[in-house]
Structure formats: structure tokens, C-alpha cells
Amino acid sequence: MRADRLAAVALVAVLGLTGCTDSAKPASPGSAAPASAAPAATDPASVFRAAVAKTNQATMSFTIDSDLGTLGTMHGEGAADPKQKATAYQAELLTTDRKIDIAAVLVGPDLYLKVTGLTTDRWAHLDLGKVKSLSKLGLDATGSPTGLGSIGDEIVTVTRTGPGAFSGTLDKTRDPLTASPGASEALKSVPFEAKVNAEGYVTELVTHTPPVGTAPASTTTATFADFGSKTITINRPDSATVEQAPDSFYDALQ
């Protein structure tokens, strides 16, 4: 596989965690109603939307496992604190001939990252205030690395398949992570499964993205735990270990 193709996949994976910034924003009037109505909601879509909203407002730990078809596999682990607008994330992308290590820290508008083949052994700092929009980062509307941050706006259908178990479809045509010219129809009905625990938190989300252009079909499984019960401390890297991301990073995101 070409090194630049691998680098692009890794960069998208890392930048995915910038969505925690948006996830930490106050809910809009339109999204607040399902959360407040959760105790009385009975239809599957309302119950699941309420669980998504509740989970996105809680501190948590998470894992991500992605089968990217011919591109390889990726495993990541991290933690998020929406109130502090902070996330830490480490992952590795494995292919048939190499491994790409990914490390990232997001604190407020500052993203620090290390990616094999893209950065040195120092942290590269990106000021997200210099980027016009999250979509320019190659992200969905909120950019959660787990897919949970944007799913509330993508839900098309939801079915309850058992106690705390749901399945349905998502419309990801507005998701720059996967969307491409001519891919709209393929992404209007992306299957997913999810689990919600007795406290109303989403504990698992599995999405099955169909082939898009030259990209193979992929399956991503995200799990969530430690809701509001784990002390999470996420600090910026020591300034002595940080260098500013080159202008080429920003140019590629405009």
C-alpha cells in the first residue's frame, strides 16, 4: 500500500476525535427535547436518541476497533471529558506490511498529535481556531472518533431488537469521513446496531459502512464505559515536546 494512502487514513483517524469539542457544546433546542423526555419515551427512536444525548454529555472511556477491509485494521483506546472539552486517544493502524501508531490529545481548541510517517517524535500542534469548519478536517458534523457524536442527526430508522438492544439505519451523506462524489445513495442507509445499559447510556455502537468508490466496506465497533464515575485528567503535552504543525497541514484543511 502506498505510504501516502496510509498516512491519509491515519490522519483522518486522528482528527476524528476533534468531535469531542462539539459534543461538549450545549445541546441545541431541537436536540434537548429527547433528552429531557427520555423517562417517558417509549418508541425506539426516542429512547435511543435520549441515550445518545445522555452519553455524549458524560465523562467516559472508550475503545474502537475497525475492520477497514484491504486497508487493514485499527484499534484505539481513549477517554473523554466533555465538560472540560478534552480527549486523549491512542491507536494503531495495522496493514499487511506496516504499523502506524497514532496518539492525540485534544484540549479546548488545541489538538496535539503524533502519527507515524506524518510527524516527528515531537507533538504537532494544530490550532482548530485556524480551521474554517470541522468538515474541512474531513470529519462529520461533530467528528467523534467513535461515531457517537454525530449519530443523533444521522438516524433514519430504529428498531428495538431486545432489552437494551437496537438496530437501524443511518444517513451518512453529510459525513465527510466517508462521503465522496457519487456516494450519496450508498450512504443513505448505513446499518448499525447498538446497546444501551439500564442507566440509559450507550455501551456499544457497531456501524457497517458499504463500499464507497475505491474504499472497501468497513465495520467499526465502539464500546463505552466508566460513565461519570472515573476521574479523567487530560493535560496538554509539555511545551518542550511540542512543535507547530506546518502550514501544509492547514492548507490541506481549508
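Here are the numbers for this structure:
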read-out: Residues satisfying the stated conditions in segment 211-254, i.e. more than 19 Å from K85 (Cα to Cα), part of a loop (DSSP other than H, G, I, E, B) and of a type in the set (V, I, T); value: T214
read-out: Matching residues in segment 218-245 - criterion: being over 16 Å from F62 (Cβ atoms) and surrounded by 14 or more Cβ atoms within 10 Å (Cβ to Cβ); value: S218, T219, R236, P237, V242, A245
read-out: Residues (in contact (Cβ under 8 Å) with a residue 40 or more places away in the chain and β-branched (V, I, T)) located in segment 198-222; value: V202, T207, T219, T220, T221
read-out: Condition broken by M74, with the remaining ones in (1) free of Cβ contacts under 8 Å to residues at least 60 places away in the same chain; (2) part of a strand (DSSP E or B) satisfied; value: (1)
read-out: Positions within segment 102-130 being of a type outside the set (K, R) and part of a loop (DSSP other than H, G, I, E, B), in sequence order; value: G108, P109, T116, G117, L118, T119, T120, D121
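No lab work stands behind these numbers, since they all come straight from the coordinates. Just so it is clear, the model here is predicted, and its values are computed rather than measured. Glycine gets a Cβ as well: all are built from the backbone with ideal geometry, and neighbour counts include every protein chain shown.
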